[in-house]
Every structure is written in structure tokens, then in C-alpha cells.
1. Out of the residues in the stretch B:118-137 meeting the condition of being of a type in the set (A, V, I, L, M, F, W, C) and surrounded by 10 or more Cβ atoms within 10 Å (Cβ to Cβ), tell me which one is modelled with the lowest pLDDT.
2. Do we find that residue A:42 is assigned by TED's automatic domain parsing to the domain that holds residue A:238, within 16 Å of ligand 1 (Cβ to nearest atom) and out of contact with any Leu (no Cβ under 8 Å at 6 or more places or on another chain) in this structure?
3. Please go through the stretch A:279-337 and give me each residue that is assigned to a helix (DSSP H, G or I), away from ligand 2 (no atom under 13 Å from the Cβ) and not aromatic (Phe, Trp, Tyr), ordered by number.
4. So which of A:266, A:307 is surrounded by 20 or more Cβ atoms within 10 Å (Cβ to Cβ) and more than 7 Å from every other protein chain (Cβ to nearest Cβ)?
5. When the stretch A:131-187 is examined, which residues are found to be at pLDDT below 95 and within 16 Å of ligand 1 (Cβ to nearest atom)?
6. Quick one: in the stretch B:251-275, which of the residues that are among the small types (Gly, Ala, Ser) and closer than 19 Å to residue B:300 by Cβ is nearest to ligand 2 (Cβ to nearest atom)?
7. Determine which member of the set A:68, A:19 is surrounded by fewer than 20 Cβ atoms within 10 Å (Cβ to Cβ), free of Cβ contacts under 8 Å to residues at least 12 places away in the same chain and not aliphatic (A, V, I, L, M).
Amino acid sequence: MIDNLFNWIDDRLAISRGGRHLLNKIFPDHWSFMLGEIALYSFIVLLLTGIFLTLYFVPSESSIVYHGAYLPIDGQHVSQAFASTLDITFSVRGGLLIRQMHHWAANIFIGSAVVHLLRIFFTGGFRRPREVNWIVGANLLILGIFNGFLGYSLPDDLVSGTGIRIAFSILESVPFAGSYLATFLFGGNFPGNGAIIPRFFIIQVLILPLAILGLLSAHLGMLVRHKHTQFKTPGAREDNVVGTPLWPTFMTKTLAFFFLTTGITVLLGAVAQINPIWQYGQYYPWKVSYAVQPDWYMGWLDGALRVMPSWEIHLPGHMIPNVFFPAVLLPGITFTVLMMYPFIEERLTGNVAEHHLLDRPRDRPVRTAFGCAVFAFYFVLFGASATDVLANYLNLSLNFVLWTFRILCIVVPIVVFPVAYKICKELEGVPEGGKRKVHNLIVRDPAGGYSTIPAEEYPGYESIELEPVDVEKVESLTAAAAAKNGDGRTEGVYEIPREYR
Amino acid sequence: MSDEQGPPVAPERDAEGLVSPDSPQFQVAAKHPQRVERTTAVLFLASLVGFVGFGIAYTQNGSTQWLGLTIGLGMLAFGFAMAAWGKFLMPRGPFEEPRAPMATTKEEKEAFVSDFATRGKVAVERRSFLVKLMGAAAAILGIVAAFPLIRSLGPLPGKSFYKTAWRKGSYLTTIDNRRVKVGDVEVGGVLTVFPESDVGGAISQTILVRPQTTAIVTKPGRESWAPQGYIAFSKVCTHAGCPVGLYEEQVQQLLCPCHQSLFDIYAGAEPIFGPAPRPLAQLPLFIDSSGYLRAQAGYDEPVGPGFWERGGTT
Ligand code: HEM
Ligand code: FES
């Protein structure tokens, strides 16, 4: 049956021509390569849960009298967007689970993309020939952040409405075009003519996801074209890739990973409350929400808005508003430098050769120190988004906390750079650093003396290193086995040896 | 330590130099595969139980927690089972595949470029006029196609950033359409008000406070603006537009909750802390003969955050 079906399809699509090569694609075994996979799988979770939500969400700002399952606001005027989100939460079976999963998945998606970026950065995975893929990745991150922001803006609750208000002001602050951009997008001065939620909706559920899918295909397509980078493990060279083949080992592992990522997202959605909009209430432009933070990936922007001194630039007849600097210029510079980084480094080091072997971060102390300092800067900004919460919690004056963060923004990167540099240099001197060690056991003998002995092997592992086997050779081996069997069967390859059966 | 491990172990090869399937590289990673198989089976079983549990929880209209815990733990068990399978019951490897440099050779490039150029030449040679015309038409198409895409979205900003709905004589009106009268706000009180024509308006929203019972003069020229201690400012923050909704009576300041800008009421809502760059606009008030609070005029400056055309006025 299956054979016939396969033959039928293969005779029409020639899958076996070239397909065999794909089965052999080698994936390096390092854990850090899973970070991109987490991002990929949480994106899939986003798509699946998001489709579910679109079936119930009503993207409209028009007001209705609420008579839903959430009794505390029974009879009040709320927008359809808000009411339908409450319906998903309280009336659709499994709706709250899916809603919370969706929100968690968004946070995991962007979080894992950032950590993935850091791993590529610190190991030099962006170097030639992967500069373009680095740029594609950076754009994925930007689109992911936009999509996340638009997503949590949709329910029209008090917190998200405040975020939209700030977004309007940020657009408005752009020199030359700002007032036009803002009124075009919103359909008038804030809050516009009721267009913004429907527009955010279509951008959030269709346009950006399509763009992300497109970029993702390019990202992974280039990955196949380039083949993976790899660490300098035994047997790894610039002209090969060492690891596990796609079929069946990597397939099994990555499927496992899909289920683990999804499973964790489900558990978070089940037990960790996120974005309880019924507690925030409907958005009204004059209502205040106190001490609410945006989702974490917007935190650095919120922090930047807070620590920015109250300057703006006045020109004859024109001005550059305050928010332009932290909310347009800073992200503009951030993402431009991010995308240009591979070329900046090429220019500075003069190293324009192809690199498929990854650096250990310590072996590139300047890059590592620079990366740490920059990351620390954004981390401080992120912390600054909680100035009010910290002041409350630590019982300090807001003034003190704000000035502390203003100073930290400058001081922390300056301190981090030399410290990171020094640590790299120290580690560089340790010859065995970074290699897998044989574990030691400390044992106590009956007389009370202590001694160390090598621990038993990690279950299933032997400490001996094996030399990699060329998959192409495995192909010839398959052929040899087939020849030996005389009838095309390929037994004897990839077989579990008999004594283990 | 790793020095003692010796060099990597090469795969076994037969007489023709082919790798033998008996090489350690082809053996499963687990030392005790039966144990791993057993664990994996238990995990798959657990996932099965979880998934069935989800079905039951769903039909019983179970809580979010039940729904999530059953299917979530089921997925985790499934994932761990697959992971154990992939990690311990598969050939140990490592395997390798060759990789060629990405950069193409000079010959490859030249062949491509010359093909491209010679064929292209046939197409466009001595037709540069056509090429130019085609380019011009396409460019104009690109520009005009953007018109509906952008221009149809919304109205031009026009005067919308300069004007609120406040006019000479507007009554101060609460969100539930009540006109505010003297005595409605005690000392230390605060109220959000709108002009009658724009109740609930995001741009016209105004905060009325009453720090004292006698007139307040915040700036020269504003002597009559805050009769009997009633004083009103635009509620739209000059930083990023949040409603400046918190009135701190002891210090007579207004606080914006978004980025904690503080405005000093007695100084005409000058920003004294945080990122806000400009004072909140002050609405000139008067009390009419029937005791209603009304606006002497609209705001004398654009309210809210800055924008390019706003000019350099403070
Ligand atoms: C937003 C979602 C993203 C997804 C779903 C994603 C997915 C992946 C996956 C699955 C891989 C292969 C495995 C790995 O190395 O982890 C990969 C590789 C890569 N990614 Fe991403 N990525 C994303 C964002 C980014 C970002 C933000 C950057 C950097 C700015 C980036 C740069 C790269 C590069 C240069 C490679 C090739 C590295 C190598 O071959 O080792 N990616 N990506
Ligand atoms: S919006 Fe008021 S301080 Fe930022």
C-alpha cells in the first residue's frame, strides 16, 4: 500500500532524486543550536493558537452593552474587541487556555530569538558567508517585536490602550512626516475614527505573520544552503559538518523538542496567569492605569522613555519632540548597528574569509566584551522600565531611582567591558577550559579518609571520542550492503547490533 | 583529564576500506537499551493517559487548569519519550558531511555573467530609448500606486493637533454629562472634565483641581484664570500623551503614571521631574453668574506631545 503510494508520488515528483541527500543533512549536536528551534516551534504554537483566537475575536471599537459571563461589568458599555476577548476568556471552552498559551508563546518566541541572537553573536556565527542570514534574523526579531506589541494591543483594555496612546505619540514625533503618519494610521488625531483596532488586527494576524513566514523560509533556506556552523570539536573542520543526520536521529530529537516547547507553553497557559484584562477593564482615554508594565520585550523602550532627560529640540517653526530620541532614534540606531555588525567587524579586523567553525567567546575577547557591554546597556534600560515599582518597593524616592538608572546606563557598560575582557583573557590561559571533563567522585573509606576516583560514566556515555563517519561513505555502505544482499535490501546499516536487541 | 582519553576512535573498516556496520559509531548510544526502551514506553503511556485525560476534562467542561495540565503533561511526556529515543536508541555517530566553500569560482561567475550580458545585450542593444521609457512608466506606477495605499488611510492632520473642542464659554462637564458648579469640588478635590460638545474626548480631556479657595496666579497674564482656587490643565501629558491623572495634594503636583513626569500646579504645571519637556496647557476658567465653571477661551497652545510642525514655542 504505502510502497505503491510512494512509487506513485515519486514517479511524478522525483522525490528520491535528491531526497536522499536531504536525509543525510547533518545537524551539529551542541545544545545552543536548539535556541533557534525553540523560536521556530513557539512560532508554530503562535500560529495554531492564533488561528483559534481569530475565530472568536471581534476586531471592532464599536460599543456594546456587555451581558457576558463576567458579571462585575454586566450592563456596562464596552467595545466589541474587549467584550469578545472576555467571551474567549470566560465562555469559549478552552478559550482562556489558548489565550494564555498564545501570549506566553509570544514571549517565548521573542525571548528565544534574543538568546539565539546572542549565541550567534558571541560565537561569531554571523561571519561570512552568513551575514545576509544575520540580517534576515534581525528583521525576524523586529517583526516579532512589532507583532507582539500589536497583539497585546488588540483587546482594547486599559493597559494596552495606554500603550497605543504612547505608540501614537511616538509616530507623531517623527520629524517631517510624523503628524501625517499618525493621522493616516489612526484615521485622525488620537484616538482616531475607530480604525486602529481593525487595522492592528489585520496587520497582526495576516500581514506580519506572512512576512515572518517569508523571512523564516529565507532564514532556514539559507541555513540549508550554508550548512550549519559548528564548534571546534574533534573531527570538525572548515570543510565538513559533524553531528547527527536528519533522518532519523535529528528528526526524532527535534520532534521531541517541538513537544517539549509546546508542552511547556501549555503548562504556562494552564497555571501562570498572563494579561488578565478583566482586571484592567475597558480602555478609556481619560482613565489612568498605574504601575503597569508592557510585555518584557518592550521594556527597554519604556525604560529609555523614562531615563531620557526632558530635552527636545526647538527650531524656528519646528521641533523635534522628546520621545523621538528614545523611541525612534534609539531603536533605529540599535537595529541598524545590529544589522551592520558583521560588516563592521569585517572592516575592523580585516578578516573577510569564510568561517564555518565557531569561536569560543573567550577567544574573541574584544567582541565578547563589546557584546556584553551593549547587552548590559539594554539590560539597564529594561530595569529602568520599573523605576516606579522599584521606588515603591524599596521605599526610595523616585528621583533617586531615576538618577541611579540614568547613571547606570552609562557606567554599567563602561565597567562591563573591561571586566568581560579580563575574564576572557583569564579563561584563554586555561588550556583545558571548555572540554568535557570526566567527573570525579569524592569517596570516604571506612577509615575515614577521603579520596577521589573517576566517576562512573554518564549513563549511556563513554568518554572516548569517536571519529566521525562520512555520511557519503554510509551511502556507499548502504550500496555495499545492498549488493551483498543481492536484492536491494539494505540490512546491516543503521542496525542496532544483535547483542543489544 | 581529556589527555588520558587518547585520540578519537576511528570506525572499523573492511578490506575495501568501507566502514563496517560493526563500528562503535553505528551502535546505539545507550549502554542498556532495554532500560531506555522501558522508560520510553512508560513515558509514551503517560502521554497517552494525559491526552485521554484532556478528552475527559474537555467533555466534562473542566477548568483551564485541568485542560492545560492534562494535555501539557501529556506533551511533556511525549517529548521526553521522543528525546530518549533520539538520544539513546539511535546510532551514536558522530557522522559528517563534506562542505564546499560558498564562494563560487571565477569560471562559474564568468560563465554566468557573460551569459547574462550577451543575452541581455541582444534584448536592449540600441534600444536604450525604450529602456528609459519603460523605467519612467514603471517609476510613475510605483509612485501613484502608493497614493491609495497611504493617502486613503486617513485624513490629513490639518488643524487637529492644534485645536481642542474647548471654546469661549464652554461649560466644564463631567463624564456623565453633568455641568460642574462651584462647590462641586472641595479643596483637595480633583475631577476630569470635558467641553459639553466632546464628553469623553481624548484630546479635550482636562483635569480640574482645587488646591485652595482663593484665586491662583501661575504666570503673568493668567491672573484671572483660576478663580476661587479652581484650576484646570490639559490632561494630555506633553511627554507621550498619557492621561496625567494623579493629583498629589501635599505637594500640589500632578503625576503622569506612564513615565512619572511631575508637574507643579502653582508654577503653571511646569514639569519638574521626569521626561516631560513642556508644561501642561492651562485652561482659563471663569465662574458665571449661576455659579457654573466655564472656560474663558480654548487652550492657547496645542495640547499634548510634540510634533514637527508645532514650532519652538513652549
Ligand atoms: C525570530 C525568530 C528566529 C527563528 C525562528 C530563527 C530560527 C533559526 C534556526 C532554527 C536556526 C538553526 C539552528 C540554530 O543555529 O539555532 C537559525 C540559525 C541562524 N540564525 Fe536564526 N532565528 C530567528 C532569529 C534570528 C535572529 C534575531 C538572528 C540574528 C540577528 C538570527 C541569526 C541566525 C544565523 C546567523 C543563523 C545561522 C547560524 C548557524 O549556522 O549556526 N536568527 N535560526
Ligand atoms: S506620557 Fe506622561 S510621562 Fe510619559
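1. The extreme case among them is B:124.
2. yes
3. Result: A:279, A:298, A:299, A:328, A:329, A:330, A:331, A:332, A:333, A:334, A:336, A:337.
4. A:307
5. Across the stretch A:131-187, there are no qualifying residues.
6. Per the criteria, the residue is B:269.
7. Values: A:68 fails: free of Cβ contacts under 8 Å to residues at least 12 places away in the same chain.
It is A:19.
Let's see how each residue does on (1) away from ligand 1 (no atom under 16 Å from the Cβ); (2) under 30 Å from residue A:356 (Cα atoms); (3) more than 14 Å from chain B (Cβ to nearest Cβ):
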residue	(1), (2), (3)
A:83	yes, no, yes
A:87	yes, no, yes
A:92	yes, no, no
A:96	yes, no, no
A:106	no, no, yes
A:110	no, yes, yes
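The values are calculated or read from the model by the stated rules, or taken from the named source; none is laboratory data. Predicted model only: the values in this text are computed from it and were never measured. No Cβ is skipped: glycine too gets one built from the backbone with ideal geometry, and neighbour counts run over all protein chains shown.
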